[in-house]
1. To the nearest whole percent, what portion of all C-alpha pairs in the range 40-97 is separated by more than 16 angstrom?
2. Can you tell me what the convex hull of the Cα atoms of the range 90-171 projects to on average, as an area in nm²?
3. I want to verify the translational diffusion coefficient of the range 1-104 in µm²/s; compute it with Stokes-Einstein, Rh as the Kirkwood radius over Cα pairs, at 4 °C and 1.567 mPa s.
4. With n ≥ 4 as the cut-off for DSSP H runs, can you work out [θ] at 222 nm for the chain, using -39500 (n - 2.57) per run divided by the number of residues, rounded to the nearest 500?
5. Stretch residue 177-residue 122 to full length: gain in nm at 0.36 nm per residue minus the Cα-Cα span?
6. Hey, rough spin-label estimate for residue 7 and residue 102, points 7 angstrom out along Cα→Cβ, what's it come to in nanometres?
7. Under a crude label model (7 Å from the Cα following the beta-carbon direction), how far is residue 169 from residue 209 in nanometres?
8. At a Förster radius of 35 Å, what calculated FRET efficiency corresponds to the Cβ-Cβ distance of residue 21 and residue 155, to the nearest 0.05?
Ligand SMILES: [Zn+2]
């Protein structure tokens, strides 16, 4: 085992574990009831727990290369499987699909994965539909093209989760909400897809609007 991992483990045992010991014991005994499924990229710079100040029992997480969500028709598709478990067995109320800037998977999708990575090629081919149309891409600076591709992949993921019958059922009952996020690695700013405007906007604004709407609905009731 790499020395840094072992050192980190020992540090955890002797420091932070004390703070969480009771919580871990309770979660082990009573089971988990995380309210959120977080679908993120495997990228080491995306740290869901740190980003959302979450701890044990807070987030059910699936991380794959590119935070890719395959079609629900694909047998055993990993993110769809995680979503079914999270929604059907754990009763999560929200699913966040989080893409990010400087995503290596999205760069590989754009440039093509090397021939000695056939599994990666197949994996990325699942989101070929997210690629920018050639005429749109031609007019864009590389950074802007990457930015759009990363967001398109998030939206494709949301679409595919929405097509999962179990997810669709819970959404129809008003028990589940889907969210699309894009994380800027350097600043850790998050933009969220706003269905009202069909645009990505700062997460704080989108959540603020949603809270205002909920309040207005409550006032009407
Ligand atoms: Zn990535």
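Read-outs throughout are calculated quantities, based only on the coordinates presented, and are distinct from any laboratory measurement. As the structure is a prediction and not an experimental result, all values here were calculated from the model. As a convention, Cβ positions derive from the backbone with ideal geometry for all residues, glycine included, and neighbour counts pool all protein chains shown.
1. Values: 784 of 1653 pairs.
Counting every Cα pair in the range 40-97, those more than 16 Å apart make up 47 percent.
2. 6.7 nm²
3. 84 µm²/s
4. When only DSSP H runs of four or more count, the value is -14500 deg cm²/dmol.
5. 16.9 nm
6. Computed distance between label sites residue 7 and residue 102 equals 2.3 nm.
7. Each label point lies 7 Å from its Cα, and together they span 3.2 nm.
8. The value I calculate is 0.30.
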